[in-house]
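Each remark here refers to the structure printed beneath this line.
The values are calculated or read from the model by the stated rules, or taken from the named source; none is laboratory data. Keep in mind that what you see is a predicted model, and the values were worked out from it rather than measured. Ideal geometry is used to build each Cβ from the backbone, glycine not excepted, and the neighbour counts take in all protein chains shown. Protein only, heavy atoms only, side chains kept; ligands, DNA and RNA dropped before computing areas. Shrake-Rupley method; radii C 1.70, N 1.55, O 1.52, S 1.80 Å.
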Amino acid sequence: MLVGEHGTGKTTIARYLVGKRPTKPKIMSTDGIELTNGLSYIDRETRTWLVGEQDFSLEEITTSRSLLHKVRIKKSFKPQNTTPISQEVLYTREDVSLSAMEGNLKDESNESASFYATSKGSDLDGLLSTKSSMTSFENSTIKSEHQAPFDTDKPTKDPDDACSKSSSPGDMQIQTVTKPGSIRKLKHFFRVTKKVEEVKVTITKDKFFQMVSKVGKKMLHNKKIAPVIIWDFGGQDVFYSTHQTFLTYRALYMIVLDGSRKLDDRCSYEQYLPGKSGPKTARDYLLFWINTIVTYCKGGIQGFPKIMIVLTHKDKVQPNEVEHRKLELLREISQVFEHIPFKQHLVIDGFIFVNAKDKHDSEMAKIKDVIMGESENQPTWGEPLPKCFITLELEFASLIKRNIPLITLEHLQTINSLQSIRPLSETELKVFLKFQHSIGKVLYFDEEKLNSHVILSPTFLIDAFKSIVTDRRFCEGDTEREELWDVMGKKGVVSKTAIKKIWKKKQYREFYKNKDYLLDVMTHLDILVEPKRYNSDHTRIPADFYYVASMVRAKDDSGYLQSVDFQHRSIAIVFQSSSLIIPPALSFRFISYCLYVWAVKTYRETNKAMLFHRSGVFTIDPSLDMYIICEDERIIVRLVHARTNTFIMRGMASSINECLTSALEKISQLYIRISSNQNQTSDASFITNICCNSPDNPCILEVNKLANEGTQWTCPSHGIGHKIHTITSWFPGKDQDICEPECPVTNEEFLKEQPTDLQIRRLSLLYSTNEIRELALLFGMNSTDLDNPLHIYDTETWKFEVVRKCRDSFLLTFKDIREASENGKIDNIHRLCKLVKGGPIDFDMEPEKWDVVPTEKHIDRLAPLIGNNSLQFLIELEMEFKTWEQLSYKHTTERDLVKLNKDILEEWRTNFCTIHSLKPTLRKIAQAFRNIGKHIQIVEHSLSDMF
């Protein structure tokens, strides 16, 4: 993948690598991303870079995976309208002993090599490249996918048996290598849980046999040919938000710098770059791209992905100064990363300084050598691919050749069912699609509303992106796109009508045909955000426009931060990045998340939406705003009350903090590609601290130093006094360690009562698994009975079932629970007070407003206020743990607290209450809020304009 500053020669290098001439001086820069596949190859055996027309095709490389080394095939082959022909093909590469295959089946088949950053072979979830092939060179990627030819076929009697023979009367007989665990491994990796029979592929189709025979004659399966995939990323800042979608740790990256300038010389083009507000230099771009790649392309192996650095414009340096300039820049770059962990990712041993326009420059050939060498060192090089995927891979290639870049899942299922060799099962097909997506060959989003289509060519989505999100220079001459760009730059909005009008044009007609799906993908990736709109019944209705946070160029000139008494009306926290800078894509997605959850505030008499470049003001409730600004190394969030910050409720602020923290971690993890270990997670990307109330360059108070501040903190730079109780409203209050007067747990009459199912669910949240086990033994349950419910997978359900069984078996009372807790010294009995949460709320004041059935608008307002108390809230609505399992499973990867809380409220309102013949009311929701420790007033304040 080729990345770097605009105008450094990334595209010229990309063209050289595929055997094309340099770009002409008047040719416009790269618009978005350009992807090249099938125009260059690496012969790994001879270490030769191949360009131009070859005696083989990409499809033949795929087909060659079906053949073994040194296998003799005989078949009476009868093509249509011909007489039988006896064919014998000898495949000789090297003797592969059966024991060797059984022990370690990793024959390397000829797949693709990607200049994206991963060029060793192909990995299980990506042939050697991450989404299949991406390399960031100038935003240009080269990938290699060398897969081993193994079969995920029919299970043999001996699970360790790696070789079997298949023969069907009248068909070719071919010995194939099998590896029964391959599909299983892929299923586990992609979390596909259905059982799948690993059936052996039986080759019966004449056409496929012809392809196999042709490949066999060429001995292609004995060669080590890796196709090179090159991704060339446009350097304009407007593309930063879309580049992140395609970055992957399986690629080899190349950062291209202009070597005719010193590292700190001012760049020719002025554009936005995180981490630098003034004039930009090559040093700034180098730090930005390395930080972006390493931060959001993390893999399971330290030191990867690898990043090359190539200097261009050697022709602008005097010949006698070239070597000096090269050594000078090498020394400076080495010093930049001397004490930074990023250094282990850099490939600078063979420092390269080229005149990219001169293909005879000896340094140009060195680029290829380094790519080939680093490809072989990639941890994903040489991993195996299932043979049963081959026929569908060939079908995809055929569709792309026929200019069909996108198909429906139904279409694919039909194609699969017509496979005469062996169709994939439903679950195998899902594994196949996720696998192809992970290596970048296709794009398949296994999400609601998106899983109905498969994008066969990633460039199709890239082109759809840049038809809307692009630099203005690429709109010149197209009046409608120019007007669209200007509106997005000023207001950050694009109308649905404008998008459809552009997509109706001839060059975009394919987008218009699939407009609903493409718009859903763009909203899923937060490139577009549809604001919430409601009718008079507070039911959601479609908006007529989208927000495009990444396109906003307007600065905040509203004077909001300088408004009267701002310092005394606000509290603030800061999310400080653990990286050098915050990549633009993260800032834009965070702003987009806020646009999805809250409404943008309109400012006073101007009635202008307060959405600006990397900042915005959002309405929490009629008296409370939230101001967010994304800076280079931190994100500052302020809650601003209409009167005074002492009126900002802790329950409200802490829930907002929890939702924003969850969103940042979710976005941070989005681009991290891990194929070797699905359970691996990265360290926290942000650290949360307190911010002073000054609108300009606020001071920071570390949370772990709060205990040293007493009741007030005065910030050192501005001298502003802050009450600790007020500025720590971002964090939930601590539980009391003693019972309050008249606590139910000290009442003898209460202690005689048996706990209800609801109270047992509450108890299961309060105690750990080991504590529940110990309590159960103290209640009188024997260890055998205790182990019987262990087949229950969910921990919370297991704890609930154990205690319920004790209650029913031993007529358990609250007194028994208290005594067991005391005898086992498990904890203070005050914990039991939480089983009897808040008595009835006095709804006598305006009772009619609390009897209202919650609408979609109510739910949208209340969901963020639940924060990370999702499970407790569900229990307080009296739903069961199995409902939690179903809802939380949907959010396993997405981890969006607000969406999860919405689903809980919707499930309760529409299903639970209907099944139990209950009327869903705001009264019950308010009671649930109180029982999770939130004050009833946060519900009233949030909905005050709707009562």
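A few points about this structure:
- When residues of region 299-348 are limited to those that are among the basic types (K, R) and open to solvent by 90 Å² or more (accessible area, probe 1.4 Å), the one farthest from S668 (Cα to Cα): K316
- D516 falls short of the stated requirement of being acidic (D, E) and buried (at least 20 other Cβ atoms within 10 Å of the Cβ).
- Any hit, region 349-362, residues being in contact with a strand residue (DSSP E or B) (Cβ under 7 Å, 6 or more places away or on another chain) and either open to solvent by 50 Å² or more (accessible area, probe 1.4 Å) or part of a helix (DSSP H, G or I) (or both): no
- Conditions (1) in a helix (DSSP H, G or I); (2) crowded, with 17+ Cβ neighbours inside 10 Å; (3) out of contact with any helix residue (DSSP H, G or I) (no Cβ under 8 Å at 6 or more places or on another chain); (4) not charged (D, E, K, R): number failed by A365: (2)
- Residue among T427, T408, T414, T391 that alone is outside the structural domain of F246 (by the TED database) and in contact with a Lys or Arg (Cβ under 6 Å, 6 or more places away or on another chain): T427
- Residues in region 519-534 that are open to solvent by less than 70 Å² (accessible area, probe 1.4 Å) and basic (K, R): K532 only.
- Residue among D860, D851, D816 that is at pLDDT 90 or above and acidic (D, E): D860
- Selection within region 611-625: residues that are assigned to a strand (DSSP E or B) and out of contact with any Gly (no Cβ under 9 Å at 6 or more places or on another chain). The member of this set that is farthest from F288 (Cα to Cα) is D621.
For every residue, the table says whether it meets (1) among the β-branched types (V, I, T); (2) more than 17 Å from S662 (Cβ to Cβ); (3) at pLDDT 90 or above.
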{"site": "S577", "(1), (2), (3)": "no, no, no"}
{"site": "L580", "(1), (2), (3)": "no, yes, no"}
{"site": "L586", "(1), (2), (3)": "no, no, no"}
{"site": "R589", "(1), (2), (3)": "no, no, no"}
{"site": "C594", "(1), (2), (3)": "no, no, yes"}
{"site": "H613", "(1), (2), (3)": "no, yes, no"}
{"site": "M626", "(1), (2), (3)": "no, no, yes"}
{"site": "I635", "(1), (2), (3)": "yes, no, yes"}
{"site": "L639", "(1), (2), (3)": "no, yes, yes"}
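- Residue match in region 334-345 (condition: farther than 22 Å from Y253 by Cβ and among the hydrophobic types (A, V, I, L, M, F, W, C)): no
- Annotation: of all residues in region 747-760 being modelled with pLDDT of 85 or more and in a helix (DSSP H, G or I), the one that is least open to solvent (accessible area, probe 1.4 Å) is I760.
- For region 1-52, taking the residues that are among the small types (G, A, S), under 18 Å from Y285 (Cα atoms) and modelled with pLDDT under 85, the one that is surrounded by the most Cβ atoms within 10 Å (Cβ to Cβ) is identified as G4.
- Pair list, Cβ < 8 Å and 6+ apart or interchain, from region 928-942 residues that are in contact (Cβ under 8 Å) with a residue 60 or more places away in the chain and crowded, with 19+ Cβ neighbours inside 10 Å to residues that are among the hydroxyl-bearing types (S, T, Y) and not in a helix (DSSP H, G or I): H941/S623
- Flag not set for D537, criterion: farther than 24 Å from A609 by Cα, open to solvent by 60 Å² or more (accessible area, probe 1.4 Å) and part of a helix (DSSP H, G or I).
- Helices (runs of 4 or more DSSP H) contained in region 375-482 and holding at least 1 residues of a type in the set (S, T, N, Q) and under 30 Å from V548 (Cβ atoms): 426-438, 458-466
- Test result for I582, touching a strand residue (DSSP E or B) at 6+ places or on another chain (Cβ under 7 Å), in contact (Cβ under 8 Å) with a residue 12 or more places away in the chain and not in a strand (DSSP E or B): yes
- With respect to (1) over 28 Å from the mean Cα position of the chain (by Cα); (2) at pLDDT below 60; (3) under 29 Å from S334 (Cα atoms), the lone exception for K200 is condition (3).
- Residue in region 411-419 that is more than 29 Å from the chain's Cα centre (by Cα), open to solvent by 50 Å² or more (accessible area, probe 1.4 Å) and under 30 Å from E332 (Cβ atoms) present: no
- In the set (1) closer than 30 Å to G52 by Cα; (2) at pLDDT below 80; (3) open to solvent by 10 Å² or more (accessible area, probe 1.4 Å), the condition left unmet by T248 is number (3).
- Subset of region 489-513 that is not in a helix (DSSP H, G or I) and not hydrophobic (A, V, I, L, M, F, W, C) - its residue that is surrounded by the fewest Cβ atoms within 10 Å (Cβ to Cβ): K504
- Extreme residue, modelled with the highest pLDDT, among residues of region 360-411 that are closer than 28 Å to F432 by Cβ and among the charged types (D, E, K, R): E410
- All told, R638 meets the bar of being surrounded by 22 or more Cβ atoms within 10 Å (Cβ to Cβ) and over 23 Å from N291 (Cα atoms).
Residue by residue, here is whether (1) among the acidic types (D, E); (2) open to solvent by less than 20 Å² (accessible area, probe 1.4 Å); (3) within 26 Å of the chain's Cα centre (by Cα); (4) within 26 Å of L519 (Cα to Cα) holds:
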residue: K387; (1), (2), (3), (4): no, yes, no, no
residue: I400; (1), (2), (3), (4): no, no, no, yes
residue: L450; (1), (2), (3), (4): no, yes, yes, yes
residue: D463; (1), (2), (3), (4): yes, no, yes, yes
residue: T479; (1), (2), (3), (4): no, no, no, yes
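- Test for K326: is it assigned to a loop (DSSP other than H, G, I, E, B) and farther than 30 Å from V454 by Cβ: no
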